[in-house]
1. Applying the selection to the range 189-209, what residues are over 19 Å from Q229 (Cβ atoms) and open to solvent by 70 Å² or more (accessible area, probe 1.4 Å)?
2. Considering only the range 39-57, state which residues are open to solvent by less than 70 Å² (accessible area, probe 1.4 Å) and not β-branched (V, I, T).
3. Scan the range 284-305 for residues that are exposed (fewer than 11 other Cβ atoms within 10 Å of the Cβ) and among the charged types (D, E, K, R) and jot them down.
4. Would the range 230-246 turn up any residue that is over 15 Å from the mean Cα position of the chain (by Cα), over 17 Å from D117 (Cα atoms), at pLDDT below 95 and of a type in the set (S, T, Y)?
5. Right, L145: assigned to a helix (DSSP H, G or I) and either open to solvent by less than 40 Å² (accessible area, probe 1.4 Å) or modelled with pLDDT under 90 (or both) or not?
6. Would a scan of the range 255-264 turn up a residue that is among the polar types (S, T, N, Q), open to solvent by less than 10 Å² (accessible area, probe 1.4 Å), assigned to a helix (DSSP H, G or I) and in contact with a Cys (Cβ under 8 Å, 6 or more places away or on another chain)?
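The values are calculated or read from the model by the stated rules, or taken from the named source; none is laboratory data. Remember, predicted model here, so these are calculated numbers, not experimental data. Cβ placement follows ideal geometry from the backbone for every residue including glycine, while neighbour counts extend to all protein chains displayed. SASA here: full protein model, heavy atoms, side chains in, ligands and nucleic acids out. Shrake-Rupley method; radii C 1.70, N 1.55, O 1.52, S 1.80 Å.
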Amino acid sequence: MVIKGCKKEEIGANLVGYIVAARDDLGKGVAGISSMLTLTRIHNAVAACLSMRKLLMLSKDYSLKREAFGNRLYNYPLHVQTSTLARLDTEVRAATLFVFQAVSLLSKQESGLATEDELHLLRLLTPLIKLYTGKQAMAASSEGLESFGCQGYRKETGLPNFLRDAQVLTIWEGTTNILSLDVLRCISKSNGQALISLKNDVDNKLSSTPSELSKEAEKLQMALKSVLQFITKNQENVDVLTFAARDLSYSLSRIYMGTLMIEHTASCGMSPFDIYACKRWCEQQLSLVSNQDQYSKQSSDMDKELVY
């Protein structure tokens with residue numbers, strides 16, 4: 001290697017300095033790129049929202065034109081309400097609020113205006129939004145394509161690309177399991193402060209819940225209490241928390257997304273459609289860690305026997 005204008009002694013000293021610096025940084029690779037991971041994971045979540053929203057719009061438009069059994073698809077409750085479009089719309093609403101909450105926190109961090117609670121919250125939300133919206137995009141893509149019938153499978157329509165492209169959203173920049181472990185790492189390294197920050201934010205956002213959504217707010221509070229109790233009870237049991245990492249991440253995501261939906265509804269005129277979307281979201285199981293036995297060693301051993 002030749003460096004113009006430098007003597008051999010200077011080149012040698014520079015190389016030695018570089019090698020020493022690199023040696024000192026061994027084991028700090030992830031920490032060194034953590035800011036990049038934050039950006040790419042949020043980018044991934046934004047892409048998931050974009051994909052779901054676009055497919056939903058195409059599916060709604062198709063339902064207004066496609067006739068089956070003498071009627072347009074949008075006139076069939078099974079297609080619109082129960083199984084397909086209304087559910088997809090609710091998922092997209094929740095995902096969009098979830099992602100742009102993290103975007104707002106990132107903006108505060110970059111401008112130096114974020115509080116300590118907001119920094120902890122951003123650190124916790126980053127893996128959560130990536131893992132959960134990635135899974136949402138996969139499910140929404142499959143359901144969305146099905147709403148087109150055979151056209152959703154034919155490559156000439158371009159629709160199958162939605163499902164193919166959605167798969168990468170659950171894989172790159174951390175698979176669901178890896179990100180779930182990162183959630184645990186975030187909680188552990190902050191000595192639980194990340195969870196406290198999330199709870200404080202949930203309490204604050206639900207404090208002004210309108211009466212029309214009081215039952216949903218109570219359900220969210222109870223679900224969060226269940227999750228926090230589970231973590232507190234097993235804080236010294238790494239095996240249980242690791243086993244439950246994915247369910248914990250899903251639970252925290254669903255609870256926080258429901259909270260954001262209620263806050264949005266209350267601050268935007270209490271639209272009947274927003275109220276209905278909140279109710280639909282909170283109908284699902286919000287806490288997935290209520291059954292302690294499913295994470296026992298016996299359960300783990302039986303899972304292994306079942307598979308292998």
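1. At the first step, the residues of the range 189-209 found to be over 19 Å from Q229 (Cβ atoms) are 189, 204-205, 207-209.
K189, N204, S207, S208 - these are the residues of the range 189-209 that are over 19 Å from Q229 (Cβ atoms) and open to solvent by 70 Å² or more (accessible area, probe 1.4 Å).
2. Narrowing the range 39-57 to residues open to solvent by less than 70 Å² (accessible area, probe 1.4 Å): 40-42, 44-49, 51-52, 55-56.
Correct list: R41, N44, A45, A47, A48, C49, S51, M52, L55, L56.
3. Across the range 284-305, the qualifying residues are D293, K297, D301, K304, E305.
4. yes
5. Numbers: assigned to a helix (DSSP H, G or I): yes; either open to solvent by less than 40 Å² (accessible area, probe 1.4 Å) or modelled with pLDDT under 90 (or both): yes.
Yes; evaluated as a whole, the condition is true for this residue.
6. Step one: of the range 255-264, the residues among the polar types (S, T, N, Q) are 259.
From what's left, open to solvent by less than 10 Å² (accessible area, probe 1.4 Å): 259.
From what's left, assigned to a helix (DSSP H, G or I): 259.
The next check asks that each one be in contact with a Cys (Cβ under 8 Å, 6 or more places away or on another chain); those that pass are none.
Looking through the range 255-264, none of the residues is among the polar types (S, T, N, Q), open to solvent by less than 10 Å² (accessible area, probe 1.4 Å), assigned to a helix (DSSP H, G or I) and in contact with a Cys (Cβ under 8 Å, 6 or more places away or on another chain).
Rundown of residues vs (1) open to solvent by 50 Å² or more (accessible area, probe 1.4 Å); (2) of a type in the set (A, V, I, L, M); (3) at pLDDT 95 or above, yes/no style:
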| position | (1), (2), (3) |
| --- | --- |
| S104 | yes, no, yes |
| E118 | no, no, yes |
| L131 | no, yes, yes |
| G152 | no, no, no |
| K155 | yes, no, no |
| L163 | yes, yes, no |
